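In what follows, a structure is listed as structure tokens, so that the remarks can point back to it.
The values are calculated or read from the model by the stated rules, or taken from the named source; none is laboratory data. Given the structure is predicted, the values throughout are model-derived calculations rather than measurements. Because the Cβ atoms are built from the backbone with ideal geometry, glycine has one as well, and the counts that use them run over all protein chains shown.
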Amino acid sequence: MGFLGSLFKKLTGGIPCPACGTPGAQKEGERIRCLNPLCQNFDTARGEQSGTPTQPPAPVPPRTSAASPSQGPSAHSMGGKVSIHYNNYKGESKTFVADAGSIRREHNHIIAKVAPKGATLALSRDRIQNLGEIDFFLPPKDRSDKPQPTARERQVLGYHKKYGTTSPFYEKIRAKYPDW
């Protein structure tokens, strides 16, 4: 280990985690103990010392086909993390670990904060391999089985919502998208 490596280890009190890259991980024998609560190597005992949450977020089970979206507590209130399996534009398979509470839909993309640094990614819904599992974490109006308003319909909905007004076209759109 060179001078900078030893200095880095002294300053952070550890090494970078091999799974997520977070500095400050400790190696104990063959086991790595990480400070990042979203990492697979997270150590609750070290997390308490460093001021991070005492326990990692509880994983949320994916929705089965028998369960309806309205059953059970909201995914946003449960927290947790979810794996997103994605094929990028090069055809490479990538797996992202995202915070379940940060997942939202914008048009044809899923927006999520991913570990280890909390970066926000916009992932095309067409390339997500496990979209059925990800849909469970979206608000009910944003799920894949719900029809989405067109740009013009969104404009009319937004205008009348903002000004508290109504029109026949607005009422027609509201009947078409009651949850919007």
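Here are a few things to note about the model shown:
- Residue count, the range 130-161 (criterion: of a type in the set (G, A, S) and touching a helix residue (DSSP H, G or I) at 6+ places or on another chain (Cβ under 6 Å)): 1
- When the range 17-62 is filtered for residues that are touching a Pro at 6+ places or on another chain (Cβ under 9 Å), modelled with pLDDT under 50, surrounded by fewer than 19 Cβ atoms within 10 Å (Cβ to Cβ) and closer than 27 Å to H85 by Cα, the ones remaining, listed by number, are P53, Q55, P57.
- There is no residue in the range 144-159 that is part of a helix (DSSP H, G or I), of a type in the set (S, T, N, Q) and in contact with a Lys or Arg (Cβ under 8 Å, 6 or more places away or on another chain).
- In the range 83-101, residue farthest from N36 (Cα to Cα) [restricted to those that are within 13 Å of the chain's Cα centre (by Cα) and surrounded by fewer than 16 Cβ atoms within 10 Å (Cβ to Cβ)]: H85
- Scanning the range 143-180 for residues that are of a type in the set (G, A, S) and exposed (fewer than 11 other Cβ atoms within 10 Å of the Cβ) turns up A151, G164, A175.
- Subset tally (residues that are part of a strand (DSSP E or B) and within 20 Å of P147 (Cβ to Cβ)) for the range 92-110: 5
- Residue match in the range 128-137 (condition: under 27 Å from P23 (Cβ atoms), in contact with a Ser or Thr (Cβ under 7 Å, 6 or more places away or on another chain) and either modelled with pLDDT of 90 or more or surrounded by 11 or more Cβ atoms within 10 Å (Cβ to Cβ) (or both)): no
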